[in-house]
Amino acid sequence: MSTVAPQYVSTPFTAPEPEFIQDYSIRTNDLNLWYGDFQALMDVSVKIKKGIITGLIGPSGCGKTTLLRCFNRINERYGNVTTTGDIEILDKNIYDSDVSVRQLRRSVGMVFQRPNPLPISIYDNVLFGMGIHDAYKPLSKSERNDVVEEALREVDLWNTVKDRLKSRATTLTLEQQQKLCIARLLPLKPDIILMDEPCSALDAEGIEKVENLIESLRDEYTVVIVTHNMAQARRATDECIFMLLGEIIEHSKTSEMFLNPQHEKTEMYIQGRYG
Amino acid sequence: MSSQPTNPFAETEEERRGKLVENLVGISTLLMTWLLIIPVLAIIIFLVYKAWPALSIEFLLDNPEKKMTAGGIWGPLIGTFFLVLVSLIIAAPIGILAGVYLNEFARDNWLTRFINLAVVNLAGVPSIVHGLFGLGAFVYFLGMDRCLLAASCTVAVMTLPVIITSTKEALASVPMSFRVACWNMGATKWQTIRTIVLPNSISGILTGVILQVARAAGETAPILFTGAMISSRIADSGWEAMVPYGLDDRFMALSYHLYIISTQWQNVPESFKFGTAAVMIGLVIAVNSISIAFRIYLRSRKKW
């Protein structure tokens, strides 16, 4: 159940309303963003449903990653960024003055294109988030071990690394590193996991395994995934948002978008005629 | 003859000439590298050869006696040690924190660019100018008089730019992706610096600091007007000999001692002069070796 906010107006390009009342994890309203003088996002209004996997697709430079970075306000760290418009995460405007950016980022995790485990042990990587949020100290040693085991089991990494938890995370394979990067978000109990081309540095086998993992995160977490890979968007997402030059062109169920795109540009892009 | 097929990959005339140039460049760069080593070896061998009669444990541990014509160099040696120690205690925290600010916090605006420019220029100031600045700023303006503290402050100012620069470089060598990972989990900048950035750059930072030991120990000009003295009576043994100078005392230092016995004093045995120089060079080499060994050790522990 959600309390549907009054300003929630459907735009022509978003998915058709389902019959039942839908929970949305992320809503943006007329979001504009500039890097200096360059406008990277133009009047973006999207509603991303809770508990499903939403893909952000579009050619390079269309603003997919920029939009993703808005959702945990990490854009602010990249300097000279101006935004206007609203972003509501879990029905709270994240630009309200009573929003702590640290708590926001705790519940909106991010996974990157290149796996970036920290140069510390596997064990410490999983607990790192708890450390910076002061949730680590009150735990006993066995509770800490439980947290690590649970997180690593959830990403199907436990059996591979349980005998070398103290070795450096950077010694893992890329696929294992990427799984670890997802695992280290889990002890913080996030609601939303943002993924910026999480498979593009991996080989075919790694892609399959990480996609299966993303699949298993559905329901419990809201996943937003940027991808360049049309086949992956088709395989791994429930809904897709097609962006072009900073604008949302189309947002619909993945099956509908790939079978019956509403816009000529979407059709041309997913058929690979540009991009 | 015709049974032999023509070679499709035969070397052209230009390639043959190119190969010659390639060899010439290789040989001349190698020669230049060897030329670099020769003066270093020559200086060390010459110094040790000339200093040999004087070098002994007593030379290191005894105080100068009989107008520096006998005894050893303990007073200047311990003076240099304290000069380096105090100046690093002052310069290291300031320099490291400034480096952290410039690399991690500062935005790219005119003020930051101005500070960076100032640091670069400070590094280029001749040491004699530092000495005169120290005389004006610390000895007279701050009223410290000529003493160990004033000299240490002067040397600290001189070593600051390199400490700042090497700190900045060490921090910048930590991949950005580590910081991004931390920020995205909600870490503050300071948490990121404390838990990830500093532990992974500490070897570079400390290398920069340690290398300044050699500089601080070797310079004469900055201490010339700010606290070094030709000769001071200090205890020959016991605790007093270990800590002969207070912060407000004038002190002897190796570099100044060498200058004095080489140019201002008569009847000093030649081996004493070369001995002092050899000890100074030895100190510098020892400190640099320690810093290299330390860096290798810390590097072996970090992998990414």
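The values are calculated or read from the model by the stated rules, or taken from the named source; none is laboratory data. Everything numeric here is computed off the predicted structure, so don't read it as measured data. Backbone-built Cβ (ideal geometry, glycine too); neighbour counts: all protein chains shown. The protein model used for the area step is the full one, side chains on, heavy atoms only, and it has no ligands, DNA or RNA in it. Shrake-Rupley method; radii C 1.70, N 1.55, O 1.52, S 1.80 Å.
Treating cross-link reach as a plain straight distance, find the lysines whose alpha-carbon is under 28 Å from the alpha-carbon of B:K66, omitting any fewer than eight places away in the same chain.
B:K50, B:K273
Provide the solvent-accessible area of A:Y78, counting protein heavy atoms only and rolling a 1.4 Å probe, rounded to the nearest 10 Å².
So the heavy atoms of A:Y78 present about 90 Å² to solvent.
Looking at chain B as a GNM with Cα springs under 10 Å, which of B:A187, B:A91, B:A217 has the largest mean-square fluctuation?
Among B:A187, B:A91, B:A217, the largest GNM mean-square fluctuation belongs to B:A187.
Run the quick spin-label model on B:I296 and B:I43: label points 7 Å from Cα toward the beta carbon, then report their separation in nm to one decimal.
It works out to 2.3 nm between the two label points.
For the range A:190-275, list log₁₀ I(q)/I(0) at each q in 0.24 Å⁻¹, using the Debye formula over Cα point scatterers of equal strength and ignoring solvent, two decimals each.
Evaluating at q = 0.24 Å⁻¹ gives log10 I(q)/I(0) of -1.28.
Give the carbon-plus-sulfur fraction of the accessible surface of the protein assembly as shown in %, rounded to a whole number; probe 1.4 Å, heavy atoms of protein chains only.
Values: 17650 of 29310 Å².
Its accessible area is 60 percent carbon and sulfur atoms.
Kindly give the semi-axes, whole Å and largest first, of the ellipsoid equivalent to chain B, taking each as the square root of 5 times a Cα gyration tensor eigenvalue.
Values: eigenvalues 388, 217, 66 Å².
Three semi-axes, in Å: 44, 33, 18.
Take the alpha-carbon centre of the range B:161-238, take the same for the range B:69-84, and report the distance between them in whole Å.
25
Can you give the FRET efficiency for A:M268 and B:E13, using 1/(1 + (r/R0)^6), R0 = 45 Å, r = Cβ-Cβ distance, to the nearest 0.05? Could you put the intermediate results ahead of the total?
On the way: r = 54 Å, r/R0 = 1.19.
My answer for the efficiency is 0.25.
Could you work out how far the C-alpha centroid of the range B:1-66 sits from that of the range A:140-173, in angstrom?
Using only Cα atoms, the two centres lie 51 Å from each other.
Please name the residues of the range B:183-200 whose accessible area, counted over protein heavy atoms with a 1.4 angstrom probe, falls by no less than 20 Å² between the chain alone and the full protein assembly.
For the range B:183-200, once contacts with the other chains are taken into account, B:W183, B:N184, B:M185, B:G186, B:A187, B:T188, B:K189, B:Q191, B:T195, B:I196, B:N200 lose 20 Å² or more.
May I ask you to rank B:I45, A:I248 by accessible area, largest first, using a 1.4 Å probe over the protein chains only?
Per-residue accessible area, sorted high to low, gives B:I45, A:I248.
Take every residue in peptide A:102-114, count the Cβ atoms of other chains within 10 Å of its Cβ, and give the average of those counts. Provide the component values of the computation, followed by the final result.
Values: counts 6, 1, 1, 6, 2, 1, 2, 3, 5, 2, 4, 1, 2.
The shielding value for this peptide is 3.
Residues with amide H under 5 Å of A:S25's amide H, sequence separation 5 or more or different chain, H placed in the peptide plane at 1.01 Å from N; which?
For A:S25, whose amide H was placed from the backbone, the distant partners under 5 Å are A:I48, A:K49, A:K50.
Can you give the convex hull volume of the alpha carbon atoms of the range A:24-270 per residue, in Å³? It would help to have the intermediate numbers written out before the result.
Values: hull volume 30.5 nm³, N = 247.
Measuring per residue, one finds 123 Å³ for the Cα hull of the range A:24-270.
Straight-line reach from B:K189: which lysines have Cα under 30 Å away, leaving out those fewer than 8 places along the same chain?
Reachable lysines: A:K64, A:K92, A:K137, A:K141, A:K166, A:K179, A:K189, B:K168, B:K302, B:K303.
Could you tell me what percent of the DSSP beta bridges with both partners in the protein assembly as shown are antiparallel, to the nearest 5? Before the final figure, lay out each step's value.
Details: 26 of 44 bridges.
Around 60 percent antiparallel, to the nearest 5.
On a full-extension model of 0.36 nm per residue, what is the gain between B:L24 and B:V129, subtracting their alpha-carbon distance, rounded to one decimal in nm?
On the way: separation 105, 0.36 × 105 = 37.80 nm, distance 4.39 nm.
Full extension of this stretch gives 33.4 nm more.
With the other protein chains left in place, how much accessible area per residue, in square angstrom, belongs to the protein assembly as shown at a 1.4 angstrom probe?
Values: 29310 Å² over 579 residues.
Result: 51 Å² of accessible area for each residue.
Please give the FRET efficiency for A:S167 paired with A:N229, using the beta carbon to beta carbon distance and R0 = 25 Å, rounded to the nearest 0.05. If you can, show how the numbers build up before the last one.
Values: r = 31 Å, r/R0 = 1.25.
E between A:S167 and A:N229, to the nearest 0.05, is 0.20.
Do the sum for the protein assembly as shown: with -39,500 (n - 2.57) for every DSSP H run of n ≥ 4, divided by all residues, what is the mean residue ellipticity at 222 nm, to the nearest 500 deg cm²/dmol?
After summing the helix terms and dividing by residue count, I get -15500 deg cm²/dmol.
Roughly speaking, what is the stretch gain from A:S97 to A:N145, that is 0.36 nm per residue apart minus the C-alpha to C-alpha distance, in nm to one decimal? List each step's numbers first, then the result.
Numbers: separation 48, 0.36 × 48 = 17.28 nm, distance 3.68 nm.
Contour length minus the Cα-Cα distance gives 13.6 nm.
Quote the FRET efficiency, to the nearest 0.05, computed for B:L61 versus B:W239 with a Förster distance R0 of 22 Å and r equal to the Cβ-Cβ distance.
Details: r = 15 Å, r/R0 = 0.67.
After rounding to 0.05, the efficiency reads 0.90.
Considering chain B as a Gaussian network with a 10 Å cut-off on Cα pairs, which listed residue, B:A51, B:A181, B:A150, attains the greatest mean-square fluctuation?
In the Gaussian network model the winner is B:A181.
Taking a 1.4 Å probe, which of B:Y297, B:Y245 shows the most accessible area, and what order do the others take after it?
B:Y297, B:Y245
Can you list the aspartates and glutamates whose alpha carbon sits under 16 Å from that of B:K19, skipping same-chain ones fewer than 8 residues off?
Qualifying aspartates and glutamates at Cα under 16 Å: B:E11.
Which value in nm describes the separation of the simple spin-label points at B:W190 and A:N32, placed 7 Å from the Cα toward the beta carbon?
It is 3.7 nm.
Taking 0.36 nm per intervening residue step and subtracting the Cα-Cα distance, what contour gain separates B:L111 from B:E169 on full extension? List each step's numbers first, then the result.
Details: separation 58, 0.36 × 58 = 20.88 nm, distance 1.93 nm.
Length gained between B:L111 and B:E169: 18.9 nm.
Once you place label points 7 Å from the Cα toward the Cβ at A:W158 and B:M32, how far apart are they in nm?
The two pseudo-label positions are separated by 6.1 nm.
Residues of the range B:218-233 with amide nitrogen under 18 Å from the 7 Å Cα-to-Cβ point of B:L247?
B:226-228
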